[in-house]
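Trainee: Just passing along the structure, written as structure tokens.
The values are calculated or read from the model by the stated rules, or taken from the named source; none is laboratory data. Only a predicted model underlies this, so the values are computations on that prediction, with no experimental measurement involved. Heads up, the Cβs are rebuilt from the backbone with ideal geometry, glycines too, and the neighbour counts pull from every protein chain shown.
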Amino acid sequence: MDTIHLSEPEKDVLKYVTQFAQKEVKPLAREIDANMTVPRKLIDRMNELGLFASYIPEEYGGAGLSFSFLVRVIEELSKACPSTALVLDGALTLFAEPLIMFGSEELKKRYLTRIAKGAVGGLALTETSAGSDAAAIKTTAEKKGGKYIINGSKMFISNGSIAEFFVVDTVTDKEKGYKGITTFVVDKGTPGFEIGREIHKMGIRGSSTVELSLNNVEIPESNMVGKLNEGFKVVMETLDAGRIGIAAQALGIAQTAFDEALEYIKDRKQFGRSISDFQGIKFMIADMATQLEAARLITYRAADMWTNHEDTIKVASMAKMFASDMAMKVTTDSLQLFGGYGFTTDLDAERHMRDAKITQIYEGTNQIQRDIIAREILKGK
Ligand code: COS
């Protein structure tokens, strides 16, 4: 099924991305999970194939392909290895997108051109006491002359150890709540900016997740993304795009889990026949395939809406919530279809289930997504 709107050249490029994902990424997925790192040469290879440049506008050295295309790329890479997909997803939806939407010409020239050449970026919003309540961040940015001095710390930052720069959210006016938040770009290597310990995780183990600490980090005012005290809008809109990326990641993980289980049940014989002959198994397969199809439709619709600059808040949250809940269910049922073998680490079913779990949590828990969806509906959207 191909309901997403892609140009003919995008469709052609996507075929190569699928081949690359299946031939070069998938064989490394186990090793990436075990070693808890995506090899640099794989990131370089994604760059060589133009994947980092794909979503960057042409005037900044990119190919100017659509967000819908990027979503399909994330899905295809996630079928092979969701940790590898997250390296690209984080760089493009969480770092490049806010600059594309809100960055000054100077910032776009300085950073988008580097992303287009394979530099990784990240988003630093979350703090130990500000997760779902994003506006509760405490990291401050104080103006001194033409500079801002940033102090604070960040938690669970994806791409942490490999990113060269981060979009960082700070408090610039303590009295004003979310209307006192400002977003800046901070380069790795700026004095006082430290990348902390690598956090070990249950799933997407190849993706780097770290704490960041910022002690008197001095940055020029020109690093501000958007306007002073309007950073909450920057980050919320960034997450609208990011959530569609996570929906695509969830889709990819679930599709692979399903495909592997489907192959197995056709071969596996019990009671003298293939277990796919049993109604109990058939019903599971029918439900899983239907859930996958529905998640794909809503994710593609959200992607096309974002591409067309429509109001996507509600549908982005729906896609993220629905696709990630689906992925958890489908990966759990896929493991079940393998029986005892599925519970072993000899097969990939358990990894898919571990990888799916985070999609219900990050870029806004599914409880927060439900809150956003209801709020939008009550507003009449
Ligand atoms: N897209 C665009 N704008 C949004 C938005 C969204 N998804 N969500 C909120 N806003 C806007 C609101 O419209 C409002 O703007 P106005 O001042 O123009 O009216 C402003 O942001 C404040 O909204 P609200 O009052 O709802 O803010 P809250 O502090 O109550 O928080 C939630 C809103 C819960 C939606 C927000 O904190 C959130 O998304 N939390 C999850 C954070 C998250 O995803 N973290 C993951 C980090 S990356 S792993």
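Trainee: For region 328-380, which residues satisfy the criterion of being surrounded by fewer than 15 Cβ atoms within 10 Å (Cβ to Cβ), without any contact (Cβ under 8 Å) to a residue 40 or more places away in the chain, within 16 Å of the ligand (Cβ to nearest atom) and in a helix (DSSP H, G or I)?
Mentor: 371, 374, 375, 378
Trainee: Tally the residues that are exposed (fewer than 14 other Cβ atoms within 10 Å of the Cβ) and away from the ligand (no atom under 16 Å from the Cβ), restricting the search to region 130-144.
Mentor: Here the count works out to 3.
Trainee: Would you mind finding the one in 263, 221, 211 that is assigned by TED's automatic domain parsing to the domain that holds residue 291 and either modelled with pLDDT of 95 or more or charged (D, E, K, R) (or both)?
Mentor: Checking each option against the conditions leaves just 263.
Trainee: Same structure again: Condition test on residue 288, is it within 16 Å of the ligand (Cβ to nearest atom), in contact with a helix residue (DSSP H, G or I) (Cβ under 9 Å, 6 or more places away or on another chain), farther than 23 Å from residue 73 by Cβ and not assigned by TED's automatic domain parsing to the domain that holds residue 128?
Mentor: So residue 288 fails the test.
Trainee: Just to be sure I understand, how many residues within region 212-239 are in contact with an Asp or Glu (Cβ under 9 Å, 6 or more places away or on another chain), surrounded by 20 or more Cβ atoms within 10 Å (Cβ to Cβ) and over 17 Å from residue 146 (Cβ atoms)?
Mentor: Final tally of qualifying residues: 8.
Trainee: Another question, then. Out of all the residues in region 1-60, which are assigned to a loop (DSSP other than H, G, I, E, B), touching a residue at least 40 places away in the same chain (Cβ under 8 Å) and within 30 Å of residue 202 (Cβ to Cβ)?
Mentor: If the condition is that a residue be assigned to a loop (DSSP other than H, G, I, E, B), touching a residue at least 40 places away in the same chain (Cβ under 8 Å) and within 30 Å of residue 202 (Cβ to Cβ), then 36, 37, 38, 55 are the ones that fit.
Trainee: On the given criteria, is residue 148 away from the ligand (no atom under 16 Å from the Cβ) and not in a helix (DSSP H, G or I)?
Mentor: Yes, satisfied.
Trainee: Next question. Determine, yes or no, whether residue 201 is over 30 Å from residue 282 (Cα atoms) and in a helix (DSSP H, G or I). Walk me through it before giving the result.
Mentor: Working: over 30 Å from residue 282 (Cα atoms): yes; in a helix (DSSP H, G or I): no.
The answer is no for residue 201.
Trainee: Considering only residues that are closer than 18 Å to residue 108 by Cα and assigned to a helix (DSSP H, G or I), which ones fall in region 168-190?
Mentor: Within region 168-190, none qualify.
Trainee: Those residues that are among the aliphatic types (A, V, I, L, M) and within 15 Å of the chain's Cα centre (by Cα), I need them from region 320-366; list them, please.
Mentor: If the condition is that a residue be among the aliphatic types (A, V, I, L, M) and within 15 Å of the chain's Cα centre (by Cα), then 321, 323, 327, 356, 358, 361 are the ones that fit.
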